[in-house]
1. Of everything in segment 242-262, what is surrounded by fewer than 20 Cβ atoms within 10 Å (Cβ to Cβ) and out of contact with any helix residue (DSSP H, G or I) (no Cβ under 8 Å at 6 or more places or on another chain)? Give them in sequence order.
2. Please work out if ARG125 is among the charged types (D, E, K, R), more than 13 Å from the ligand (Cβ to nearest atom) and over 14 Å from the mean Cα position of the chain (by Cα).
3. Listed residues LEU139, LEU186; which is buried (at least 19 other Cβ atoms within 10 Å of the Cβ) and away from the ligand (no atom under 15 Å from the Cβ)?
4. Of everything in segment 224-263, what is modelled with pLDDT under 95, closer than 24 Å to VAL204 by Cβ and part of a loop (DSSP other than H, G, I, E, B)? Give them in sequence order.
5. Go through LYS215, LYS219, LYS202 for me and flag whichever is in a helix (DSSP H, G or I), under 28 Å from THR30 (Cβ atoms) and either modelled with pLDDT of 95 or more or over 21 Å from the mean Cα position of the chain (by Cα) (or both).
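The values are calculated or read from the model by the stated rules, or taken from the named source; none is laboratory data. If you're wondering where the values come from, they're calculated on a predicted model, not measured in any experiment. Note that we place each Cβ from the backbone using ideal geometry, even for glycine, and neighbour counts take in every protein chain shown.
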Amino acid sequence: MLIVSENLSDLRAEVLSWKQNNEVVGFVPTMGNLHEGHLSLISKIRRCGATKTIVSIYVNPKQFGPEEDYSKYPRTLDEDIKLLKKLNVDCVFCPSDKEIYPPNEKNLITTNNPSLMNELCGRQRPGHFYGVLLVVNKLMNIVRPDIAIFGQKDYQQYILIKDMVQQLFTSIDIVLAPIIRENDGLAMSSRNSYLNPDQRSKAVYLYESLVRASKKIYKNAGDYMSILDTEIERLNKDDLNVDYLELRKTDNLSNVEDYKNISGQYILLGAIRLGETRLIDNIIL
Ligand code: PAF
């Protein structure tokens, strides 16, 4: 039976009773509007050994900039709960803002990785990763899972969370789950629902560019900057405003000094804007 918990203390009591029974608690943090990408996180965390699964649904105001889509972000709690019931998830945690950010709370700190937090997506979204780390830290402290899982689409988020968990000595295994794609290759995202039919048909060009560029880079081992420039030009011509298209090292997202074509070592990441909608994607080479 799915337990729906809005309350921090109820949730803690439930998890404590599981732990006393030696259950392995798996945590899937989400902002709701669940799609197949989220559902794959649930199956993967079970394959990783979770015997109890908690999904949180919370649209975190602190990770949205003032001009961003916080108010229009799709909220579909009833449908989400139906889906989670079908998947035999044990608990869904959907806290209120007051529960997560009590009104008397002062400026909170979290770990700080200033270079990476302000690069790639952080360059266009100042403060975004501060908000993400803050809420993930709070949620992990509430749930105290053994394992938590994050999707590869938000790879920069995953690296920053792994770094935070390591720096704070938090004993939670952080697992990465692969990107789930639509039939044409577009990475699944709640924000895809903002696209009109014309934008939707163009949205896949980002993935196509990533595939084309990663193949060329991998083969040539040569001037990857000019390969990326060609793709950026192509995308911009198609009215996809490129925020970035960058090759980085997979393990910590540092810059690539001297490229060598070794499988798994590099990741190509991209972000575009289609009208008001910002989409991200990546491919590990
Ligand atoms: O990836 C997301 O959906 C969010 O950034 C997360 C991890 C649930 C934090 O709000």
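1. Hits for segment 242-262 are LYS249, THR250, ASP251, SER254, ASN255, GLU257, ASP258, LYS260, ILE262.
2. Considered against the rule, which asks whether it is among the charged types (D, E, K, R), more than 13 Å from the ligand (Cβ to nearest atom) and over 14 Å from the mean Cα position of the chain (by Cα), ARG125 comes out as no.
3. Among LEU139, LEU186, only LEU186 is buried (at least 19 other Cβ atoms within 10 Å of the Cβ) and away from the ligand (no atom under 15 Å from the Cβ).
4. ASP238, ASP239, LEU240 - these are the residues of segment 224-263 that are modelled with pLDDT under 95, closer than 24 Å to VAL204 by Cβ and part of a loop (DSSP other than H, G, I, E, B).
5. Unique residue meeting the criteria: LYS202.
For (1) within 11 Å of the ligand (Cβ to nearest atom); (2) in contact (Cβ under 8 Å) with a residue 12 or more places away in the chain, each residue gets a yes or a no:
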{"site": "SER115", "(1), (2)": "no, no"}
{"site": "TYR130", "(1), (2)": "no, yes"}
{"site": "LEU133", "(1), (2)": "yes, yes"}
{"site": "PHE169", "(1), (2)": "no, no"}
{"site": "LEU206", "(1), (2)": "no, yes"}
{"site": "VAL211", "(1), (2)": "no, yes"}
